[in-house]
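Read the figures in this text as sums done on the coordinates, not as results from a lab. These figures come from a predicted structure and were not determined experimentally. FYI the Cβ positions are ideal-geometry reconstructions off the backbone, even for glycines, and counts take in every protein chain you see.
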Amino acid sequence: MRLAPLVLALAITVLPALSQAQDAGLSSDEQILIKQINTDKKSLYAENLALTEEESAKFWPIYDEYERALKIYQDRLAANINNFANKYDTLTDADAAAILKEKMAIEKGRADLKQKYTAKVAKALPPKKALRYAQLETRVQLLIDRNVYGLIPLAR
């Protein structure tokens, strides 16, 4: 399967940046990481969707709009992680409840956004390519989430 080497390459790209995030502070490294992931994602979609010129003209504006909308949730997630990191040693029940509430709101917002834009892609692309897009988006997001959440210590 052609996707496996690309996902592995993405993981290799993501892991060093995440490791550096622990040393240099999260916010600047998160932005660098997000930029690199978005570049890699676009290449991944281009290679795996094999869009015609007509399909490209329809797909890429939707993709770019989705990524801009998704950035709001990426920024909120980064802020929530930073909030947790800043309060980690002194975390109160009230802090934990607020962080949890924001975490769940972010996850719901991302899921709703994904549904909305996957429906747009399904209207713009042939069904098999729309399904491939949705599969790629899920795989990439799971990989990113696994790597990001794997670095965050559990609340104590």
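Key figures for this structure:
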{"item": "Entries of Lys103/Lys129; Lys42/Lys129; Lys108/Lys128; Lys41/Lys128; Lys71/Lys103; Lys58/Lys116 with Cα pairs more than 23 Å apart", "result": "Lys103/Lys129; Lys108/Lys128"}
{"item": "Separation of alpha-carbon centers, region 99-136 and region 79-98, rounded to whole Å", "result": "28"}
{"item": "Point-to-point label distance, Tyr88-Leu151, nm (Cα→Cβ direction, 7 Å offset)", "result": "1.1"}
{"item": "Stretch gain in nm, segment Gln115-Lys71, where the contour uses 0.36 nm per residue and the Cα spacing is subtracted", "result": "14.3 nm"}
